[in-house]
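Asker: Below are the structure tokens for one structure; questions will follow.
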Amino acid sequence: MSLGRFLTLEGIEGAGKSTVARFAHEWLSARGVRAVLTREPGGTPLAERVREIVLQPGSEPVPSEAELLLMFAARAIHLASLIRPALARGEWVICDRFTDATRAYQGAGRGVAEDLIERLAAVVHGDLWPDRTVLLDLPVREGLARARGRGAAADRFEQEREPFFERVREGYLALAAQEPSRIWRIDASQPLEAVEREVAEILAAML
Ligand code: Z5A
């Protein structure tokens, strides 16, 4: 049996990742393709517990290195329990965020050294990288307005200020420039239907 395909969605908050991930899952299901829809940090019961630790606001500070290690700890669990088994069964994995988020948030956003992130990535997932990554790109203010429009309580990242998200966005754009064959940038300020049309073209090409 051939390996499944691995698709990730990236972008700043409010970019539309969860919406587009659900669309991709439905698009593939309608064509008889078995796909697992998942997210990071999290995706399995144990990794979701790590997610709570890293996202819940609290009075005790979380140093950037601890945040980085928690992201990779959750990822190691997710890979072992869900991602690798699904790919081995020949299923697709659609994942809302993966290591590019670590590069953008902990690397560009928090200033953690790039080579530390790359060494941990090599340990945790070796040469397993997404086949395609959709970067949903939009101005920070638009993303924050969309996310805050939902009215939910802000998590530890959502409490950050605009300059942090500007660095994250720049980090993502730099990654897309470095790896243009894997990371496809889509203008996420377009109406959702236009974004979904571009995603459908990417999925069709991957099939
Ligand atoms: N994080 C990290 O630091 N390092 C890591 O390695 C990983 C993660 C893996 C949790 O992520 C946090 O973890 C995240 C980074 C950090 N924090 N931040 N920021 P998350 O993915 O769970 O949380 P999020 O990024 O905040 O996701 P989100 O706010 O749910 O955004 P989204 O999934 O991109 O957006 P959405 O829910 O699909 O859409 C938002 C709203 O916009 C919704 O009402 C949609 O209907 C609407 N929408 C979507 N697309 C459009 C278009 N095109 N036009 C108009 N309206 C739209």
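The values are calculated or read from the model by the stated rules, or taken from the named source; none is laboratory data. Source: prediction; values computed, not measured. No Cβ is skipped: glycine too gets one built from the backbone with ideal geometry, and neighbour counts run over all protein chains shown. We work out accessible area using only protein heavy atoms, side chains counted, and drop any ligands, DNA or RNA first. Shrake-Rupley method; radii C 1.70, N 1.55, O 1.52, S 1.80 Å.
Asker: Per residue, how big is the convex hull around the C-alpha atoms of the range 65-120? Give it to me in cubic angstrom, could you?
Answerer: Hull volume normalised by residue count: 75 Å³.
Asker: Here's a follow-up. Under the classification rounded if a/c is under 1.5, otherwise prolate if a/b is larger than b/c and oblate if not, where does the range 90-181 fall, given a ≥ b ≥ c as square roots of the Cα gyration tensor eigenvalues?
Answerer: prolate
Asker: Next question, about the same structure. Can you list the chymotrypsin sites (Phe, Trp or Tyr not before Pro) in the range 56-134 that are in a DSSP coil and have 15 or fewer other beta carbons within 10 angstrom?
Answerer: Listed in order of number, the matching sites amount to none.
Asker: Using a 10 angstrom cutoff on alpha carbons, build the Gaussian network for the chain and name the most mobile of A101, A74, A153.
Answerer: A153
Asker: Now a separate question. Run a plain Debye calculation on the range 1-91 (Cα atoms as equal point scatterers, no solvent) and give log10 I(q)/I(0) at q = 0.11 Å⁻¹, rounded to two decimals, same order as the q list.
Answerer: Log10 I(q)/I(0), no solvent term: -0.38.
Asker: Let me ask something else about it. Let me check the size of the chain from its C-alpha atoms; what are the radius of gyration and Dmax in Å?
Answerer: 16.3, 50
Asker: With a length cut of 20 Å (Cα positions projected on each helix's long axis) and a Kyte-Doolittle mean of at least 0.0, go through the chain and give me the DSSP H helices that pass.
Answerer: 64-78, 192-206
Asker: Could you order T19, T133 so the one with the most accessible surface comes first? Probe is 1.4 Å.
Answerer: T19, T133
Asker: Skip the ligands, DNA and RNA, and give the accessible area per residue of the range 12-115 with a 1.4 Å probe, whole Å².
Answerer: Using a 1.4 Å probe on heavy atoms only, each residue of the range 12-115 averages 44 Å².
Asker: Could you work out [θ]222 nm for the chain from helices alone, using -39500 (n - 2.57) per DSSP H run of at least four and dividing by all its residues? Round to the nearest 500 deg cm²/dmol.
Answerer: Helices in the chain give a 222 nm mean residue ellipticity of -15000 deg cm²/dmol.
Asker: Compare D96, D115, D137 in a GNM of the chain, Cα atoms joined below 10 Å, and give the one with the largest fluctuation.
Answerer: D115
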